[in-house]
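Bear in mind that the values in this text are calculations on the coordinates, not laboratory data. Being a predicted model, the structure only gives us computed values, none of them experimental. Here Cβ is always computed from backbone atoms with ideal geometry, including for glycine, and neighbour counts include all displayed protein chains.
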């Protein structure tokens, strides 16, 4: 019926350029290369699904069509199903279109990635050349700054007439493309921008950045699709003016394999020193790798991939939330890897039992039932489950690291420390109270008789008003302050109990830590700082080595190995005593309304523990006293405790 009203008036996007810019600003800088690569992979899968089973190739290269004009632009080429002229207008000039596979979902393809990320960083545009059924066409997707919109640029056809889609001769077709495929050229933000160069802020070298990014973005790649990138090792003024032959080894292609293949290959090369496996947890599968010869592996895979000592989440064969350095060590500690973390890699891949799992719009995070792993207790929950199923290879590796410490006095030293701290038990935690119906105290003061019940009132009585007409500034500072119950809560004093954490000395010389792990820090608590049962003390920390050297000089033990060992034993005992007292006392602040979880994390961070251990006056005094009794006071020089 003509003119019939529809049930819902369709929402329109009034300012699509702002929407694109806003979404792109939240995506990582390198995301556009993932989006264009994934589009190419999906194009090849569609071709194969329709019966054309030729091997697929996705190739990142320089656009050789522009090189003769001194334009060195990056491009990506695939031999997928390609697009017709109608397809190019339909798919490329629409936001969040379903695409040729007619599949778009929260857990699948979004249909917005390349348009959002690539256009934002290439305001000059993206030039598309695509062949379908042997016929090639060209469009130019760009931002029109004058109109403030994104869309297809008006071009000239062969006769000089205006068109948005124009046919292309076979001379523009890359050798990789046969009857079908697509090429996308990244023009950058200026006419002269060399988009093959590494963008600011990305990792990797000047010539291998794209290769490394793609290797570390993908966990696994389809077996029947080759992903490769040209290695551009020379400056453009030395390049040929056309695509070099495959025999040219100076500008050859390197194949991207994904991190799983790279790590598995390293294990297979030396299985005596390396191992890997998968642990099935309730919600995720944990892929793990152990490289006891970590430095050898690091040299082998760099600069093409990530070194061991990192964690990540796998979703739809891609890597998300990859964490390295100290952040990775903290997460690995939650999974029971307290020592040698730089030799381990963990990837967590969701199982069907994990519920609704999907990526955010920028494809930089994975959400589990709406929760971000970094902003919830997911890491801790998975870590606790993994610790109970810790692979024997990882446990044995950590045991060997700890056995490298041949200090036979550790047990006796700890017993003395425990006895010493027991005498301070009442002071290790600030006074706290627990509710008790018959408690002898009120949490806010001395107990008083309960007031007689009164009839409810709808307004505060006049007596509650401040005298002399003065303003009640307390109410201005604290809303509802006038309604606080001054009687308090019946309570008894609570005496917190808990076992003291273990103290373990680690050293790079014994292989228990690698460069960057606790570097120039005194100590840390791996994993949860409030619940962790191990304190790692860095024996290489210069604040400790200065103490060791001071006492050895004072007793004249430079050439006496036995005396030097005794000096270090005594110094370690009093260092351990001090760090244990600090940690237990700081943990006693938990539950106080003035100490948030973030405050407690900061108070027990490696930096805070280091600062606290820089107070060494009493350590020096106690060590001197013990050494004086051991070796004679005449041998302990009377140096001032200023170390």
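Between residue 531 and residue 144, what's the calculated FRET efficiency when r is the beta-carbon distance and R0 is 51 Å? Round to 0.05.
Once rounded, the FRET efficiency stands at 0.35.
Which of the peptides 520-531, 195-206 is most tightly packed, and how do the rest follow, going by the mean number of other Cβ atoms within 10 Å of each residue?
Descending packing order for the listed peptides: 520-531, 195-206.
Compare the peptides 207-218, 45-56, 507-518 by average per-residue count of other Cβ atoms within 10 angstrom and give them in order, highest first.
Result, highest mean Cβ count within 10 Å first: 207-218, 507-518, 45-56.
Sort 248, 87 so the one with the fewest other Cβ atoms within 10 Å of its own Cβ comes first.
If I rank by nearby Cβ atoms, fewest first, I get 248, 87.
Fewest to most neighbouring Cβ within 10 Å: what's the order for 625, 365?
Neighbour counts put them in this order, fewest first: 625, 365.
Hey, what D do you get for segment 259-400 in µm²/s if you plug the Kirkwood alpha-carbon radius into Stokes-Einstein at 20 °C and 1.002 mPa s?
Working: Rh = 15.3 Å.
After rounding, the answer is 140 µm²/s.
In nanometres, what is the gap between the two model label sites at residue 156 and residue 197, each 7 Å from Cα along Cα-to-Cβ?
3.0
With a point put 7 Å past each Cα toward its Cβ, work out how far residue 392 is from residue 418 in nm, to one decimal.
3.1
Once all Cα-Cα distances of segment 306-385 are split into 10 Å bins that start at 0, what whole-number percent is in each one?
Spelled out per bin, shortest first, that is 18, 53, 27, 2.
Between residue 234 and residue 553, what is the label-point separation in nm under the 7 Å Cα-to-beta-carbon projection?
5.9
Please rank 347, 339, fewest neighbouring Cβ atoms within 10 Å first, as an exposure proxy. Please report the intermediate quantities before stating the final value.
Details: 347 23, 339 26.
Fewest-to-most ranking of 347, 339: 347, 339.
Relative contact order of segment 259-400, please, whole-number percent, based on alpha carbon pairs below 8 angstrom and at least 6 residues apart.
24
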